[in-house]
Amino acid sequence: MRAPVHACPRRRLTSVIGAALLGLASLSGCKPSGTVDPTITEAKAEGAWAIHEALEARIAAGKVSEADRAAALESVRAAADDGTAAHAYARAAVAGRVAEERGLKALKILEEMRTWALESIERDPAFEGQAAKRLLGTLYVLAANHLEDGDSEEGLELLEEVVDAHPDVALNHLRLAEGYIALGDPDPAFESLCVAQAGRDTLRAEEAALLDSLIAELGGAEALGCS
């Protein structure tokens, strides 16, 4: 039986949320709500990537609890480092998923996320279509003010590089458009939003929801003028 909804007061620090990022929402002092799903626990024996995949499956199913996220982070931190880009990316991505549910106390987790995203890039910059660079770029764009030496413009450059390398991936265009809008320069976002809209069927539910919110923010589908 699941625990009741989290009763702690919540304060949204940013309204722009990536699929792997940054609600920065809950205040400190509250135990993560919900129970830990067995798939998270069972994945511990298979390493960091398996833990990451189990957590993402829970999120995609709309069944993830705060306890799932916290347990996944604890598990990836304890997992043996096999020296792969997959391990490093899993560390970064799971940290990002926890940051979605945390408040100001998550700032150290954001630094942890950056550290492991950089490590994944160092180990294999091409891993999963430059997923770590996309993650890092989104982090810099959305949370530069919360990071030591954070640089939102560098983040935008990283996202542009990922789009240049993989222009047919809708998610890459979605993240780039999100970056432009977050930095107050929406005009270049229109083209990327059109590409993301054309590839909508490749996006996960939360990514499609982000796409809808960005399009609405720019005036709706008609305002995009997609051909």
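The values are calculated or read from the model by the stated rules, or taken from the named source; none is laboratory data. Note that this is a predicted model, so its numbers are computed, not measured. All Cβ positions, glycine included, derive from the backbone under ideal geometry; neighbour counts span all protein chains shown. Keep in mind that these areas ignore ligands, DNA and RNA; they rest on the heavy atoms of the full protein, side chains included. Shrake-Rupley method; radii C 1.70, N 1.55, O 1.52, S 1.80 Å.
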Exercise for the section: Check whether at least one residue in segment 209-218 is open to solvent by 50 Å² or more (accessible area, probe 1.4 Å), in a helix (DSSP H, G or I) and either of a type in the set (D, E, K, R) or in contact with a helix residue (DSSP H, G or I) (Cβ under 7 Å, 6 or more places away or on another chain) (or both), and report yes or no. Expected result: yes
Exercise for the section: Would you mention how many residues in segment 69-98 are outside any helix (DSSP H, G or I) and under 25 Å from Pro38 (Cα atoms)? Expected result: 4
Exercise for the section: Kindly indicate whether Lys44 is over 28 Å from Val141 (Cβ atoms), assigned to a helix (DSSP H, G or I) and modelled with pLDDT of 50 or more. Expected result: yes
Exercise for the section: Name every residue in segment 156-167 that is touching a Gly at 6+ places or on another chain (Cβ under 9 Å), surrounded by fewer than 24 Cβ atoms within 10 Å (Cβ to Cβ) and part of a helix (DSSP H, G or I), in order of residue number. Expected result: Leu156, Glu157, Glu160, Glu161, Ala165
Practice task
For segment 142-153, enumerate the residues that are part of a helix (DSSP H, G or I) and within 14 Å of Glu111 (Cα to Cα).
Solution key: Leu142, Ala143, Ala144, Asn145, His146
Problem - segment 99-141: number of residues that are outside any helix (DSSP H, G or I) and closer than 26 Å to Asp168 by Cα - result: 7
Practice task
Only residues in segment 193-221 that are without any contact (Cβ under 8 Å) to a residue 24 or more places away in the chain count as the first member; pair them with residues that are of a type outside the set (S, T, N, Q) and surrounded by 14 or more Cβ atoms within 10 Å (Cβ to Cβ), Cβ under 7 angstrom, at least 6 apart or cross-chain, and list the lot.
Solution key: Ile215/Leu193; Ile215/Ala221; Ile215/Leu224
Problem - From Arg200, Arg134, residue being closer than 21 Å to Ile109 by Cβ, of a type in the set (Lys, Arg) and at pLDDT 95 or above - result: Arg134
Exercise for the section: Would you mention how many residues in segment 56-101 are open to solvent by less than 10 Å² (accessible area, probe 1.4 Å) and touching a His at 6+ places or on another chain (Cβ under 9 Å)? Expected result: 6
Problem - Condition broken by Asn172, with the remaining ones in (1) among the polar types (S, T, N, Q); (2) touching a helix residue (DSSP H, G or I) at 6+ places or on another chain (Cβ under 9 Å); (3) open to solvent by 50 Å² or more (accessible area, probe 1.4 Å) satisfied - result: (3)
Problem - Any pair with Cβ under 7 angstrom, 6 or more apart, that starts in segment 108-137 at a residue that is surrounded by 16 or more Cβ atoms within 10 Å (Cβ to Cβ) and ends at one that is of a type in the set (S, T, N, Q) - result: Arg123/Thr84; Phe127/Ser120; Ala132/Ser120; Arg134/Asn172
